[in-house]
Every structure is written in C-alpha cells, then in structure tokens.
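Working notes, beginning with the structure itself.
Please treat every number below as a calculation from the coordinates, not as lab data. These numbers were taken from a predicted model, which means no experiment stands behind them.
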Amino acid sequence: MTTATTSTTSGLFSDGPRFLRLALRADAIVTGANGLLYLALAAPLKDLLGLDTTTGRELGAFLVVYAVAVWAISMSAHPKRLAVTAVVEANALWTILSITTAIVGWFSLTTAGTVWTLLQAIVVAAFGTLQYTALRRTR
C-alpha cells in the first residue's frame, strides 16, 4: 500500500507578516545597538575609526531615533507597506552613502573606519533585502 503525503510550506519564511516583523526588529536592534555604541564610545572611536567625536555622537543619536522608528513600524501585526517601503529605501540610501563615503574618503576615516563603514553597508543592505523580500511575501 502506498500513501500520498502532501507538504505544506510553513514556518517563518512562509509567513510574510511574521517574517517582515522579524526583519524589521532585527534591523532596529542592530541599528539601535550601533547607535548606542557611537554615543557611548565616540571619543575612543575617534582614534580607531577616524570619525570626529561630534559626528560620531550625531550619527549615534540619528541611529537610535531611526531604530526606535523601525521598531515602532514592526509593532503592527501587519506593518504598513508605505512605512516598510520607506525603511527599505532608507536602508538602500544608507548603503549607497556608506560605499560612497568609503570610496570618496569623506570624514577622513582610518583604514579600520573604512572597513567598518563597508561592513555596515553590507549589513544594512542585507536588512533591506530581507525586508523587501518579506514585504513581497505579504501580498
């Protein structure tokens, strides 16, 4: 006797809204932690990264506010498309500006600062890609 089995796709990646909320929250947590580090360690990071202390603090403050906004968007059971699209586009812009910063030499970053900037660009691009993919799965 043979039996037929049917397979249903289940789990995190098949549940569009859940996947989207997770991608947004992961972004908010990493961004918020990064912002808090810039705020708390602006002076030591100046020597390591070559980022001016004032700029580091301003960047940290911006990242914390952005993280709070992204977290707020993630709180809805079905995050609003327009809000998520804005996050995806902001992540794309951050990625482009980070790469441009590394290439053009804005802020007179050290080698470690340039590498850090490019690593951040990769992480932010990954979050944007995950969010875009999850947003498409909510259709």
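Which log10 I(q)/I(0) values does the stretch 4-139 give at q = 0.10, 0.16, 0.20 Å⁻¹ under the Debye formula, counting every alpha carbon as one identical point scatterer? Calculated log10 I(q)/I(0) at the listed q: -0.38, -0.81, -1.10.
Near the amide H of residue 50, within less than 5 Å, lie the amide hydrogens of 110, all on another chain or at least 5 residues away, with H placed in the peptide plane. Structural descriptor for the stretch 17-139: relative contact order 35 percent, calculated from alpha carbon pairs under 8 angstrom and at least 6 residues apart.
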